[in-house]
Amino acid sequence: MGNWFSFTGVGTIGNKVEDATYPISMPIKAGISVLNRISFFLLLVCVLFLIPFYFSNSVSLTWFFISEAIAFALIPILAKQGYLKTAKMLQIAYIDIGIVILSSVFGNEAMIQAFFIPTMGLSILLFDNTELQLRNISIFISITSYFVLDYIIFDQISFSDDGFSIIRWGVLTASFVTTWLIFNTFSEYKESAEQKANQLLETEKELNKELNINQQKLEQNIRELEEVKSALEKSTQAKSEFLATMSHEIRTPMNAIMGMTHLLQKDDPRKEQLEALSILDFSGKTLLTLIDDVLDFSKIEAGRLEFENTEFELDKLIGTITESFKIMAKNKNIALKNCLEDDIQNVLIGDPARLTQILNNLLSNALKFTEKGKIELNIKKLNNSEDKVELEFSVLDTGIGIPKDRMNTIFDSFTQASGNTKRLYGGTGLGLTISKQLTELQGGKLWVDSEEGKGSTFYIEMTFGKGEGDSILARGEVVTPAQQESLKGKRVLLAEDNVVNQKVMRRFLERWDVKMMIVNDGKEAVEAIKKEHFDIVLMDLQMPEMDGYEATHAIRSLTDPNKRNIPIIALTAAALKEVKEKVFACGMNDFVTKPFNPIELQQKLAELTK
């Protein structure tokens, strides 16, 4: 058959298909599937026909079916080896030969020749639109075989009657042409569908390729974002560590400044000295508040701010807060008082340090912007349930007030009511921002009601858990508990390596008639406790030789139960939650943050030495 069936870009029927441009597409796979199924089916038919003809001693037909069976068995193998077109043409040829032979054997009555029409349909299924030449050749072979069979083998065509002969040939021709047209039309639709399927497959490949590219870009962007996030986290961590270190380093000298200022104010200074001390005290507290606000602002930005959930006594907390502002208010001739407007649960569960910070900020602002009149801290109960209580804290002042057009911006970061306010009173504008954020992060809310020139009232609503204590505060003003306690004659061991802080602490303890001994590190503290009796220990955390944690562990390991169980109060300049947790974890009883509040320290000393 040679190159007679060849066409460009595909190769020849007699040659193995090896052209790299020949696509192994869905139509080719479908053609191979049809080829294999038809071959196996006809192989089975030939085997079935072999049996009756073999027993009837029909040698010629037996060998015919054997040869056909072998041919249909070899055709799929030929296709698998790459000679697909040759295999297809051989299958059509062997089918046509089989129809011709069987029709000659069984005659016209069996109508075997009718299978030529399905054979033409099979040609269309086997050859797609890229093999039109081979398809038409195979259909032509089937048609020619039919005419040859009909003309030579059967005698139904009568040439004596010319009219009938012309009609017969016309009908036959029309039927084959119609069949050809129908199958070709079907083939066009089939090939169009296959072409669209191929286009969809190509589109899918392009989309998958584009998707892979976009996915790679996305993964690259994610990696870059992770790198940026990691760098940002490191930067935030470095900033937080720096601020924490700065807080610690500033708090240590501030302890001496504020402690000495407090002592000097208590020593009946002259009027001009009192004014200077008031300024010093106010500046110190402002600086301390600024340190706390900046540190907390950094934590809030980084999402690392955490809250405690511990029991505290409301009357002691309020008394300590107001007591710390009394001297400042007295020096400005401003009346400062607190008031309970209703019966309130005294032992609450929450974060006392954050509540103190919020109220300190509001009272500090009130004192800053009030030149005459009064300041009140009022507390009342809003809602009460079995295990929770909602309280309202209000800080009222008769100061300069806030303009209405600035009421919505005073809680923004680094914002004050006006530029003139900042020039006159100073400040960063962080206090109210931090207070509002601390309140809202605990599920509460903070707002203000103010009239310019007449004063302001800041309101806080917060919910607390109820502690184990069932005491209820009576209506009226809170009395500072520490003022009612006596420390006279108590023996206190102070472990502190900073000489200035030693002197400040000595002055306070001597004023409270406390007998004290000072050591310079934790190792000396342990040895002193072994030798002498003390009622309580004030333990600095960062000391040479042995720090406060190690010293506490050594004390708690002593064999003498009286010495082993001595109360220990930590003195720390690091106002961090993790430090407080570590203090309690190592066995200390309580802690006081530097610069310490004298009222708070006196109160805790009295409670632990009862």
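The values are calculated or read from the model by the stated rules, or taken from the named source; none is laboratory data. As the structure is a prediction and not an experimental result, all values here were calculated from the model. Here the Cβ is made from the backbone with ideal geometry for all residues, glycine too, and neighbour counts use every protein chain on show.
The table below gives the values:
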read-out	value
Any hit, segment 354-363, residues being buried (at least 19 other Cβ atoms within 10 Å of the Cβ), in contact with an Asp or Glu (Cβ under 7 Å, 6 or more places away or on another chain) and farther than 29 Å from GLU581 by Cα	no
Index of the failed condition, ALA585 passing every other in (1) under 40 Å from the mean Cα position of the chain (by Cα); (2) within 23 Å of ASN255 (Cα to Cα)	(2)
Subset tally (residues that are within 19 Å of LEU438 (Cβ to Cβ), assigned to a loop (DSSP other than H, G, I, E, B) and modelled with pLDDT of 85 or more) for segment 308-333	1
In segment 543-553, the residues that are free of Cβ contacts under 8 Å to residues at least 40 places away in the same chain and either assigned to a loop (DSSP other than H, G, I, E, B) or surrounded by fewer than 18 Cβ atoms within 10 Å (Cβ to Cβ) (or both)	GLU545, MET546, ASP547, GLU550, HIS553
Leading residue by the ranking (surrounded by the fewest Cβ atoms within 10 Å (Cβ to Cβ)) among those in segment 429-450 that are β-branched (Val, Ile, Thr) and within 19 Å of LEU382 (Cβ to Cβ)	VAL448
Residue in segment 387-412 that is modelled with the lowest pLDDT, counting only those that are surrounded by 14 or more Cβ atoms within 10 Å (Cβ to Cβ) and either of a type in the set (Val, Ile, Thr) or at positive phi (or both)	ILE410
Residue among PHE282, PHE297, PHE325 that alone is surrounded by 15 or more Cβ atoms within 10 Å (Cβ to Cβ), in contact (Cβ under 8 Å) with a residue 12 or more places away in the chain and within 42 Å of the chain's Cα centre (by Cα)	PHE297
Single unsatisfied condition, ASP315 versus (1) of a type outside the set (A, V, I, L, M); (2) farther than 19 Å from ALA574 by Cβ; (3) outside the structural domain of GLN442 (by TED's automatic domain parsing)	(3)
Qualifying positions in segment 334-366 - modelled with pLDDT under 90 and in a loop (DSSP other than H, G, I, E, B)	GLU341, ASP342, ASP343, ASN346
Filter result for the condition that a residue is more than 27 Å from the chain's Cα centre (by Cα) and not assigned by TED's automatic domain parsing to the domain that holds ASN361, over ALA276, ALA231, ALA238	ALA276
Residues (of a type in the set (S, T, N, Q) and within 13 Å of ILE599 (Cα to Cα)) located in segment 313-349	THR320, THR322, SER324
Subset of segment 575-610 [under 18 Å from MET505 (Cα atoms) and hydrophobic (A, V, I, L, M, F, W, C)]	PHE591, VAL592, PHE596, ILE599, LEU601, LEU605, ALA606, LEU608
Any chance GLY587 is buried (at least 19 other Cβ atoms within 10 Å of the Cβ), more than 28 Å from ASP281 (Cα to Cα), of a type outside the set (S, T, N, Q) and at pLDDT below 95	no
Selection within segment 121-146 - over 60 Å from the mean Cα position of the chain (by Cα), buried (at least 16 other Cβ atoms within 10 Å of the Cβ) and of a type in the set (S, T, N, Q)	SER123, SER138, SER142, SER145
Answer residue from segment 555-581, given it is part of a helix (DSSP H, G or I) and crowded, with 18+ Cβ neighbours inside 10 Å and is modelled with the highest pLDDT among those	ILE555
Test: residue in segment 363-372 that is in contact (Cβ under 8 Å) with a residue 60 or more places away in the chain and either touching a Cys at 6+ places or on another chain (Cβ under 9 Å) or under 21 Å from GLN442 (Cβ atoms) (or both)	yes
Subset of segment 575-604 that is touching a Lys or Arg at 6+ places or on another chain (Cβ under 7 Å) and either free of Cβ contacts under 8 Å to residues at least 24 places away in the same chain or aliphatic (A, V, I, L, M) (or both) - its residue that is nearest to GLU311 (Cα to Cα)	ASP590
Every pair of residues 6+ apart whose Cβ atoms lie under 9 Å, when the first sits in segment 250-262 and is in the same structural domain as LYS594 (by TED's automatic domain parsing) while the second is modelled with pLDDT under 80	none
Unmet requirement for GLY476, which otherwise passes all of (1) in contact with a strand residue (DSSP E or B) (Cβ under 7 Å, 6 or more places away or on another chain); (2) among the small types (Gly, Ala, Ser); (3) modelled with pLDDT of 70 or more	(3)
Candidates GLN442, GLN416, filtered to the one that is within 45 Å of the chain's Cα centre (by Cα), at pLDDT below 80 and farther than 30 Å from ILE555 by Cα	GLN416
Cross-chain or 6+ apart pairs with Cβ under 7 Å, segment 399-410 first and over 12 Å from VAL448 (Cα atoms), then buried (at least 16 other Cβ atoms within 10 Å of the Cβ) and of a type in the set (S, T, N, Q)	GLY399/THR370; GLY399/SER456
Any hit, segment 76-86, residues being surrounded by 15 or more Cβ atoms within 10 Å (Cβ to Cβ), polar (S, T, N, Q) and at pLDDT below 80	no
